[in-house]
1. Within the range 38-89, which residues are surrounded by 10 or more Cβ atoms within 10 Å (Cβ to Cβ) and not in a helix (DSSP H, G or I)?
2. Going through the range 27-43 one residue at a time, which ones are in contact (Cβ under 8 Å) with a residue 12 or more places away in the chain and in contact with a Leu (Cβ under 8 Å, 6 or more places away or on another chain)?
3. What's the total number of residues in the range 24-37 that are loosely packed, with under 10 Cβ neighbours inside 10 Å and in a helix (DSSP H, G or I)?
Amino acid sequence: MSYTRDTVSSMLKPISFRPDEESVEALAELQQESGLDQSGAIRFALVETAQRHRRSTLADEATVLAADQDDRAEVAEVTALMESLRAPR
């Protein structure tokens, strides 16, 4: 069996951090509840936090757009145009 360089180069270098007491307790709780090892629990927490942040950012953007009267008027205009172009049923 041979491995290509692409397989090896996709591996990331390990990182380290110095957790405070709150982080140590949170990590232990996550490991206990999930059954993940330390690295798995840290990866899970990072990915989950990033996803939550993206959802929050999108929700904030949606709230801003919903309050934008110019945008709402444009949406209504485009919707009316699309309806006028739709084939009869």
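1. Result: Asp68, single match.
2. Residues satisfying the conditions are Leu30, Ala41, Ile42.
3. The number of residues fulfilling the criteria is 1.
Where a number appears in this text, it was derived from the coordinates with a stated rule and is not lab data. What you see is a predicted model; the values in this text were computed from it and never measured. All Cβ positions, glycine included, derive from the backbone under ideal geometry; neighbour counts span all protein chains shown.
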